[in-house]
Structure formats: C-alpha cells, structure tokens
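Before any comments, here is the structure.
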Amino acid sequence: MNRVSFRAMGTSVVAIGSDVSGVGEWFDAAERVFSRFIADSELSRLNGSPDPTLVVSDEMASCLTTAAGLLLRTDGLIDPAVGGALVDWGYDRDFVDVADRSELGPIRGIGRWSVDGNSVYRQHGVRLDLGGIAKGWTCDQAVTRGLADVVSAGGDVRSVLADTIVEIEDPWGEVAARVLLGSGGLATSSSSRRRWKVAGREAHHIIDPRRLAPATSPIFSATVIAASAVEAEAGAKAVLLHGEHGLAWAEQQNWIDAALVVWHDGNVYATTGWEMAA
C-alpha cells in the first residue's frame, strides 16, 4: 500500500491505496469547485450571481443534490444556506486570516434553494456554504472513482479496507476511543478548533440554523459511522447540534450505523453498533 498526505480544503488529507497518485489532483479540482475562499471558484461565482437560477457543473450538481437529501434527513439542521450567516459572524475568508470582531452586525436569514439536475435555484441573497458536505463528498468520490482505498480529510474518512481504524480525541488531545471502521464512512464534528471572538463572545464555524448563531452544545465532538463520509459528516454535525438529545436522535436514524460523543468534561457516550479497536 502507498500513502500520500497533503493540504487541501483547509485541512490535512491522507490517502492510502495501491496507486494514490491522482488523489491530490482530484482534491485540487474539487476545491476549485466548492471553495468559498477562491474568488473564481464555481461556488463563489454561484454565490455572486444575481440570477436566481443557474446551470452548474456535474460535480456541483451532484454535491448539491446530496446536500438537499441530507437537509431533509436532518430536518433542516444541515443546510448549506447558513453561508450568509457564517459570513456575517466573521468567517468570510480563509480561516488563517479570520480575526476577532468588536461588534456583530445584522445576520442574514436562511432562504430557500433547490437543485434539479444541473439547475440550481436560490432566493435572492442566499449564500451557500458546502464546507463539510463538500469535504465528505470529495472523500467519497476519491474512493468510488478508484483513486484510493482510504481517504481521510479533517475528520472525514471513507474506507473500503476491512482493517481501517480511526482514533477519536478528547478535549485534551488524548485518544478517547479507537474505532474499527472497516468499510464505510466516518466523520467527526467539533466546534473546538475554528474559533474566534465577535463582540467579546466566542464564535465558531458550526452555525445552528434555528438560531442563526454558532451552536451551543455540551458535546465537545460527535462522531458518526454511516455508509459514506458525506452522510457521516451530516450526521455528526446534526448530533452535535441536537446536544444532549443527539444520541437519541441518531438511534432513530436508519441511515446512521452508530454515533459516539465526547462531552466537554471528557465523558464518552455511544449508541449501539460500535466496534472498538484494541
């Protein structure tokens, strides 16, 4: 097996397989489609267009169609249309350049959007942020296109190897659990790393669409196993947003195989279905 690591989509990417030479090029191409921080990316052009309906590439259409399905599965909790609120809270550039803000201005609400084939409709003012959805989708595509057997990108993992093990950290950087993923998708969502201050209060990149503000949750990190990385990504973020009721919600979702949470006090709780590695 060969292994390659590189930076893409604002995070570290690792790919494992017999021939992983094309993975970096694939992630570069995906970033030029989905990044909010590349001025001429397809997403930037989509967000900047005054036209309510646009024809998009096959890659954008596929990712948005996936996002639309996950929006329904999570009862609106995972919605790319929080992009406007995310910008208003200060995450309007690559995170290394995000600075604290002394005041908070008006926060844009969430408008409607839809995708039909390669046509995307948005209400006026809607700004989409595909963030973790695009990252998980890109991992999935790298594996399904045969570019690698395992791809890990900033907490999102897609694997077709039976012996794939993933380590989950606690708030102090120690390993809280070692999980035997095997073949499938896994993602971990946490609000602990991308943080800044707005008007003296802590802000982070996970926007709760019910409050149009950074999520408040007793959960330090939520990890979900599902059939794909993009499903796991949406599930993990939804568990975190549900807070103390996250695991109960996950137990009711037939598309989530298992969920595990690490609370801020370091306690670890999980649904059934986990296979811990030694």
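The values are calculated or read from the model by the stated rules, or taken from the named source; none is laboratory data. Computed from a predicted model, the values in this text were never measured in an experiment. All Cβ positions, even for glycine, are placed from backbone atoms using ideal geometry, and neighbour counts span all protein chains on display.
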>> I need the full set of residues from region 61-105 which are more than 28 Å from A226 (Cβ to Cβ) and β-branched (V, I, T), in order please.
In response: V87, V96, V98
> Taking the condition assigned to a helix (DSSP H, G or I) and closer than 19 Å to A67 by Cβ, does E244 pass?
Replying inline: no
> In region 259-276, what residues are in contact with a helix residue (DSSP H, G or I) (Cβ under 8 Å, 6 or more places away or on another chain) and either at positive phi or of a type outside the set (V, I, T) (or both)?
Replying inline: A259, Y269, A270
>> Step by step: first the residues of region 190-209, then only those that are part of a strand (DSSP E or B) and among the charged types (D, E, K, R), then the one that is surrounded by the most Cβ atoms within 10 Å (Cβ to Cβ). Which residue is that?
In response: D208
>> Any residue at all in region 114-132 that's touching a Pro at 6+ places or on another chain (Cβ under 7 Å), acidic (D, E) and under 21 Å from K237 (Cα atoms)?
In response: yes
>> Quick test for you: out of G69, G84, pick the one residue that is outside any loop (DSSP other than H, G, I, E, B), under 17 Å from the mean Cα position of the chain (by Cα) and farther than 25 Å from G246 by Cα.
In response: G84
>> I'd like the residue in region 109-138 that is crowded, with 19+ Cβ neighbours inside 10 Å and aromatic (F, W, Y) and, out of all such residues, is farthest from the chain's Cα centre (by Cα).
In response: W113
>> Here are the criteria: (1) within 13 Å of L128 (Cα to Cα); (2) crowded, with 19+ Cβ neighbours inside 10 Å; (3) within 18 Å of the chain's Cα centre (by Cα). Tell me which single one D92 does not satisfy.
In response: (2)
> For V96, all conditions in the list (1) at pLDDT 95 or above; (2) assigned to a helix (DSSP H, G or I); (3) out of contact with any Lys or Arg (no Cβ under 9 Å at 6 or more places or on another chain) hold save one; what is the number of the exception?
Replying inline: (1)
> When you go through (1) over 30 Å from S18 (Cβ atoms); (2) in a helix (DSSP H, G or I) one by one for G125, which number turns out not to apply?
Replying inline: (2)
> Only one residue in R211, R193, R201 is without any contact (Cβ under 8 Å) to a residue 24 or more places away in the chain and under 24 Å from C63 (Cβ atoms). Which one?
Replying inline: R193
> Out of the residues in region 220-253 that are polar (S, T, N, Q) and within 18 Å of E275 (Cα to Cα), which is surrounded by the most Cβ atoms within 10 Å (Cβ to Cβ)?
Replying inline: T223
> In region 112-122, which residues are of a type in the set (G, A, S) and assigned to a strand (DSSP E or B)?
Replying inline: S114, S119
>> A39 - would you say it is over 18 Å from the mean Cα position of the chain (by Cα), in contact (Cβ under 8 Å) with a residue 60 or more places away in the chain, exposed (fewer than 14 other Cβ atoms within 10 Å of the Cβ) and part of a loop (DSSP other than H, G, I, E, B)?
In response: no
